[in-house]
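Only one structure is covered here, and it is reproduced in the block below.
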Amino acid sequence: MENGKSWKPNKPTSRGATDYHEAVADSSWNHECLDPIIEIANNTVKDGDILVDFGAGTGTSAEKLLKKINHKINLWLVDNSPAWLGKAYEVLSSKENVDFFLLEKKENIFSTLSETVGKSSVNHVLSANTMHLIPNLKEAFTGIQEAIRPGGKFIFNTGNVLREGRDEGILMLDSTVYRVHDIAIDLIKNNDEFEKYRKNIDDKVKFFDTQRKFVFPLPRPKEDYENALKAAGFKDVKTTYHQYKLKYSDWIKFLKIRRLQAGILPEIGGTTPSPEEAKDREDIIIKSAEILFKELETDNKFADDKSYLGEWAYFEAVKPKPSNNSGRIALVTGASRGIGKAISLELAKDGVNVIVNYRSDQTEAEKVVEEIKSLGVESICLKADVSKYEEVEIMINNIKEKYGKIDILVNNAGIVKDRSLKNMTLEEWNDVINTNLNSVFYTTKLSLPLLKEGSRIVSISSIVGLYGNFGQCNYAAAKAGIIGFSKSLAKELGKKDITVNVVAPGFVKTDITKGIPFVKKKVINYMTTLKREADAEEIAAAVAFLASDKASFITGTVLNVDGGLAF
């Protein structure tokens, strides 16, 4: 970073972080399980790339990445623990190509990677032995996907995954921890040396179950990771497996980490044990581990007197590059916020270059432009009040001069000025008709010379235009007019292979609907088959479909996106 490291610790390195680093940094299993990640990275990265070590912890993985990746990279270490990241800072802050980022916690939710480092700001993301600790995989993966530039990779491993076909003698990393816990409880119950911890031990086991699973989560099926990657927008998901020997001597060092012992055997001392409890807890854990090692040596065909065999799963996924829509130009009216903003971003994700029209809020429009550019396509914003023919004419002329064409026209701009017809003023009628209906005529008519064969016109109407609504005669008339206009225009432009369609949203969460009273919102949601309002992105997805080649044989159609409100 130009101004130094982006995050610096404000406290001395904690003992727990130091203990973890010292226990894991030189362990053979930690080195070996990183090698496949580094091999993939070496075949992927280029000089100057920014790599993120996500869940970098105390820097044990970062140290090896820096030594073994054969390119001049910039490495960003990201973690949600200031204590652990502080140790990484202590070890690696002298490196000029290393920066540090902390995932901040707000209202019990950690910020995502894209919220922390910015969208499309990094080339690739690597993560070692971290993902099994994350409760919401889709949310985390989405933040990672947004942070990666198009074409970049996300690579991670976990030693805590379920899959069919694995020999039962090949163990998961955390499964041995649960076995150590069970042996420890038996020792407490049956060994007089630990009798003082025996009282209510079964109740304590139940009580601390959540604590154990927080530190050492139960394994997930591999499909959970694969499905979350796909849901986050990654493509080319690939899963492989590697087995490594875990030396008992290394595993004892791991089990001695005080911070982890609160998850291994919380029944003694919880998270704040007394010195005596801490000592006894460690003694019991080590005795239990030694019993486990004897069990494995005797009963497990993959174990011997020095080690057992563990398995790691490796996941590799790609953020897709823009599609063959590259070079297409879209004009979206009223695109500085709400549905128009969501439509602009959805088209950009499909590789379309987007012109953001706005009426007054240049600051917000420019923010949308920057978000669009971060997705790897071009964008500009153009000011025009689309209710005024002269301003639309200037805007279209500017587009003609710069691009010479419009491939996708989205008529989205709209306002509401609700009032019963008895009380509606002429100004309220004209404002809504001019902005919501006349604008569609102005923008479409003036765009016709720039619309070539295969172009798409999509206009945003409303189910109110189909069914009416109390207090919205002006709005309903305008939205109904859009439908009639579009159906007629579809007949006129069909011979040029230009499709004209309408999206009719139901109740959508936007700035316009924020002012609707709570009770009325509840009534509308109750009347909706899906029992909720739509997100703007759900409307945008419908528009993007009608604007795509997949909808090439659809024209003159009204697509209701209303959650079943109108059927």
If you fit an axis through the alpha-carbon atoms of helix 222-231 and take the longest principal axis of the Cα set of the chain, what angle between them do you get, 0 to 90°, nearest 10? 30
Here are labelled values, [x] 13; [y] 34; [z] 51, and one is the computed percent of Cα pairs over 45 Å apart for what I pasted. Which one? [y]
Taking Cα atoms only, helix 275-299 is inclined relative to the longest principal axis of the chain by an angle, in degrees rounded to 10, of 90
Whole Å is fine, so just give me how far the alpha carbon centre of region 109-157 lies from that of region 303-321. 19
For the chain, what is the mean residue ellipticity at 222 nm derived from helices alone (per DSSP H run of n ≥ 4: -39500 (n - 2.57); sum divided by total residues; nearest 500 deg cm²/dmol)? -13000 deg cm²/dmol
The farthest towards the positive end of the charge dipole of the chain, of the residues Thr298, Leu451, Trp7, given +1 on Cβ of Lys and Arg and -1 on Cβ of Asp and Glu, is Leu451
In what order do Ser336, Ser344, Ser387, Ser552 fall by count of nearby beta-carbon atoms within 10 Å, going from fewest to most? Ser552, Ser387, Ser336, Ser344
Have a look at Asn560, Ala88, Ala342 and report the one farthest towards the positive end of the charge dipole of the chain, computed about the Cα centre with Cβ charges (Lys/Arg +1, Asp/Glu -1). Asn560
Point-charge dipole on Cβ atoms (K/R +1, D/E -1) for region 373-471, about Cα centre, debye to 20: 200
Please list, ordered by chain and number, the residues whose modelled amide H lies under 5 Å from the amide H of Ile73; skip anything fewer than 5 residues away on the same chain. Gly48
Using the count of nearby Cβ atoms within 10 Å as a rough guide to exposure, how do Cys381, Cys473, Cys33 rank from fewest to most? Cys473, Cys381, Cys33
The exposure ranking of Phe208, Phe302, Phe315, Phe567, fewest beta-carbon neighbours within 10 Å first, is Phe567, Phe302, Phe208, Phe315
Entries in Lys8/Lys87; Lys153/Lys319; Lys95/Lys253; Lys279/Lys306 that, when Cα-Cα distance is taken, lie over 18 Å: Lys95/Lys253; Lys279/Lys306
For region 329-561, what is the charge dipole size about the Cα centre, in debye to the nearest 20, if Lys and Arg each add +1 at the Cβ and Asp and Glu each add -1 at the Cβ? 660
With charges set only on the Cβ (+1 for Lys and Arg, -1 for Asp and Glu), what does the dipole of the chain come to about its Cα centre, in debye to the nearest 20? 1620
For the chain, which longest stretch is free of loop sites, where a loop site is one of the GluC sites (Glu not before Pro) that DSSP puts outside H, G, I, E and B and that has at most 13 other Cβ atoms within 10 Å? 169-452
For region 12-68 and region 435-473, what is the separation of their Cα centres, given in Å? 54
Quick check on my link table: of Lys400/Lys479; Lys46/Lys400; Lys11/Lys196, which ones sit more than 30 Å apart, alpha carbon to alpha carbon? Lys46/Lys400; Lys11/Lys196
Degrees between helix 362-373 axis and first principal axis of the chain (Cα, 0 to 90, nearest 10): 60
HN-Hα J in Hz across region 97-110 - Karplus 6.51, -1.76, 1.60, θ = phi - 60°, x for Gly and Pro: 9, 10, 10, 10, 9, 10, 6, 7, 9, 9, 6, 6, 10, 7
Taking a cut-off of 18 Å between Cα atoms, list the aspartates and glutamates near Lys550, but don't count ones fewer than 8 places away on the same chain. Glu346, Asp350, Asp407, Glu453, Asp497, Glu538
Dipole of region 329-561, positive direction: furthest Cα of Val416, Ser374, Asn469, with charges on the beta-carbon: Asn469
Using alpha carbons only, how many angstrom separate the centre of region 336-413 from the centre of region 176-234? 53
Take the residue pairs Lys405/Lys487; Lys349/Lys383; Lys138/Lys222; Lys64/Lys349; Lys106/Lys235; Lys445/Lys491 and return only those whose Cα atoms are more than 25 Å apart. Lys64/Lys349; Lys106/Lys235
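Quick note: the coordinates plus some simple rules give every number you see, no bench work behind them. Keep in mind that this is a model prediction, so the values were computed, not measured. No Cβ is skipped: glycine too gets one built from the backbone with ideal geometry, and neighbour counts run over all protein chains shown.
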